[in-house]
Amino acid sequence: MNQAFLDNSLWRNIYCVLAGDSAGCAARDYASGSLPGGLEWLAFAITALAIIGLVINGVLGGVIVLIWGERRLFGRFQSRTGPNRWGPFGMLTSVADAIKTMFKEDVVPADADRILFNLAPILIATPALLVFAVIPFGIGTYVADLNVGVLFIMAVTSLTTLSVLTAAWSSANRIAILSALRSVALLISYEIPMALALVGVIMLAGSLSLGQIIQAQGIPFILVQPLAFFVFFIAAMAEMARAPFDLTEAESELAAGYLNDYASMKFGLFFLAEFMAEISTSAIVTTLFLGGWKGWEPIPSHFWFSAKLILVLFVIIWFRMTLPRLRIDQVLKFAWKGLFELTLINIVVTAILIGVWPQPTTAQLWMMAAVNWPVAIISIWLVSKLLGTTNYEKTSPDSEAPVYSVATESIPKSSAYIANSVDGPSVGAVSKKGGA
């Protein structure tokens, strides 16, 4: 067995129970396994299926809890109760909704391309699951530790654009296609600053591996790279099409957008992908900027990772409930004339600091943070001024404009309407006494 697999505690604790007498497991003090010798290939296959099932079901369970928690928070933000009927505190509401969705009628438009129409929900749900393959949930707890983990995440999440366009085009619905075109413009615009925001993190860590990035965080990178965190978080919100960037659906303009013709579990898969993306985004932010599973012992690393992930989820929900939807021109302007420039500033400043401290210690990371925070605050302030609303000049009354009396004794004869006038009809003169 490859040493990289045995270093993964999630893999090792399943595989070595099945094939404990293999050379790698025996060296780690495992007793004889459940399977006889020579069936290591079967132990490998069972372990792989078990881990895949564990991660997928864990994510799906997390989505159920997230939907309930988000609805409860919505209730608190909006001074209402929230779900409270099904189960204690409404905890079974999400389960009831899932069951209801399964039994709804599956309708396919007559003019739709059936193959692409049915393929689109799978295309959008699969990338959201694949992201979790490289996320380290704790010490030695991950599916795969790729040395290009950051690139893998950026490549996989970019498939969302293709799936949205496929869903809209295959349904042959003009409103859906309009929504998809908005989505393509939005996603492409924000993918660029989101990727560039990670350059500073990669430069500090010296690696594209998520595990190595966590190890390099002597202090959380949110303190060392505040500008990168700001840009990445905003761009991730846009990539998820969450308010105030929910232009792909925009209920008041495009109904359900590219989902207009989807029903039953096909619609459910799109809905599921949205919430899985929310969890995966929180996991990525936790890994790259909050130190991942790092925390104080003896509290388990998995607890720290989960606590940080829940905190980021709360901020995302708070963000959504606070800001109104932006116009499409405002959203694109913000990406190209705001976030893109901020990423360039962050890359230049980070490169200069790494030139000064090539292998930064924890103390040097604190000094980098002391430099980066003023730079971030000043840069964001300057960009907000450049993108802010134009100051309109105060208008003055036109001296030649007609003046109309207000609350006077009577309306002047020049403004009065006399029915028998040669000049034609106008308003009759009315005084406080009621004359005409």
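Details
- Of residues in the range 44-80 being of a type in the set (Lys, Arg) and part of a helix (DSSP H, G or I), the one surrounded by the most Cβ atoms within 10 Å (Cβ to Cβ): ARG72
- Residue, farthest from the chain's Cα centre (by Cα), within the range 281-336, restricted to residues that are of a type in the set (Gly, Ala, Ser), crowded, with 19+ Cβ neighbours inside 10 Å and in a helix (DSSP H, G or I): SER301
- Close Cβ contacts (under 7 Å, 6 or more residues apart or on different chains) running from residues in the range 230-258 that are more than 22 Å from THR286 (Cα to Cα) and in a helix (DSSP H, G or I) to residues that are modelled with pLDDT under 75 and of a type outside the set (Gly, Ala, Ser) comprise GLY257/THR248; GLY257/GLU249; TYR258/THR248.
- Some residue of the range 170-179 being out of contact with any Lys or Arg (no Cβ under 6 Å at 6 or more places or on another chain), touching a residue at least 60 places away in the same chain (Cβ under 8 Å), buried (at least 17 other Cβ atoms within 10 Å of the Cβ) and under 21 Å from VAL131 (Cα atoms): no
- Enumeration of residues in the range 81-110 that are on the phi > 0 side of the Ramachandran plot and surrounded by 15 or more Cβ atoms within 10 Å (Cβ to Cβ): GLY82, GLY90
- Selection status of PHE233, within 21 Å of ALA195 (Cα to Cα), modelled with pLDDT of 90 or more and not small (Gly, Ala, Ser): yes
- Note on the range 103-177: enclosed helices (runs of 4 or more DSSP H) holding 3 or more residues that are at pLDDT 90 or above are 149-157.
- Total residues in the range 332-365, condition under 16 Å from GLY200 (Cβ atoms) and in contact (Cβ under 8 Å) with a residue 12 or more places away in the chain: 16
- Candidates VAL143, VAL108, VAL148, VAL134, filtered to the one that is in contact with a Lys or Arg (Cβ under 8 Å, 6 or more places away or on another chain) and assigned by TED's automatic domain parsing to the domain that holds LEU186: VAL108
- In this structure, ASP113 does not qualify as at negative phi, touching a Leu at 6+ places or on another chain (Cβ under 8 Å) and outside the structural domain of LEU10 (by TED's automatic domain parsing).
The values are calculated or read from the model by the stated rules, or taken from the named source; none is laboratory data. Note that the coordinates shown come from a computational prediction; the quantities given were computed from them, not determined experimentally. With ideal geometry, Cβ positions are generated from the backbone for all residues, glycine too; neighbour counts draw on all protein chains shown.
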